[in-house]
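Scroll down for the structure; my scribbles are underneath it.
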Amino acid sequence: MTVERLCSIHDVAPGEARRVELGDLRIAVVRIGDEWYAIGDTCTHQNISLAEGEVHEDTREIECWKHGSCFSLVTGEPSSLPATKPEPVYELRIDGEDVLVVLP
C-alpha cells in the first residue's frame with residue numbers, strides 16, 4: 001500500500017472534479033460538499049477524461065461528457081450505457097490541506 005499526495009483541498013471546489021496524474025495513473029478527484037472521491041479518470045467506453053464531465057451530487061456520480069455514461073463515485077460501476085465496465089475507485093484521506101490517495 002502506498003499513499004500519494006494528489007492535490008490541495010483548495011484545488012477542487014465543491015461540486016467539481018479535477019484530473020490528477022500520478023505517473024501513468026489518471027485519477028479524477030471529486031468533491032461534493034466536504035466529501036471526497038477518487039475514480040479512474042478514463043471512461044471505460046472510450047478514452048475520455050471523466051474529470052471533464054458533470055458531477056451529479058444527488059446520486060454521487062460523474063457523467064462522461066462525450067456519450068453520457070454515468071459512473072458511481074462510490075463503487076465505480078456504470079449506471080448508464082454505453083459504458084458497461086466499472087472504473088476503479090480509490091480511498092482518499094485528507095491530511096491538513098492535502099488530499100492523499102491510498103494505492104494498492
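Below is a table of values for the structure above.
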| item | result |
| --- | --- |
| Extension reserve of the D11-E91 stretch, reckoned as 0.36 nm per residue once the Cα distance is removed | 27.0 nm |
| Dipole magnitude (debye, nearest 20) for the stretch 1-48, charges at Cβ of Lys, Arg, Asp, Glu | 60 debye |
| Extension gain, T75 back to L22 (0.36 nm per residue minus Cα-Cα distance, nm) | 17.0 nm |
| Student exercise, the chain dipole from Lys, Arg, Asp, Glu Cβ charges, in Debye to nearest 20 | 300 debye |
| Solvent accessible area, Å² - T75, 1.4 Å probe, full protein context | 80 Å² |
| Accessible surface, the stretch 1-99, averaged per residue in Å² (probe 1.4 Å) | 54 Å² |
| Residue of S80, S49, S69 that the Gaussian network model of the chain assigns the largest fluctuation, springs spanning Cα pairs under 10 Å | S80 |
| Heavy-atom SASA rank of H67, H10 (probe 1.4 Å, accessible area, largest first) | H10, H67 |
| Expected-Rg normalisation [2.2 N^0.38 Å, Cα atoms] applied to the chain | 0.98 |
| Alpha-carbon centroids, the stretch 1-29 and the stretch 37-104: separation in whole Å | 12 Å |
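The values are calculated or read from the model by the stated rules, or taken from the named source; none is laboratory data. Everything numeric in this text was worked out from a predicted model, so none of it was measured. Using ideal geometry, Cβ is built from the backbone for each residue, glycine included, and neighbour counts are taken over all protein chains shown. Just the protein is used for accessible areas: all its heavy atoms, side chains included, with ligands, DNA and RNA removed. Shrake-Rupley method; radii C 1.70, N 1.55, O 1.52, S 1.80 Å.
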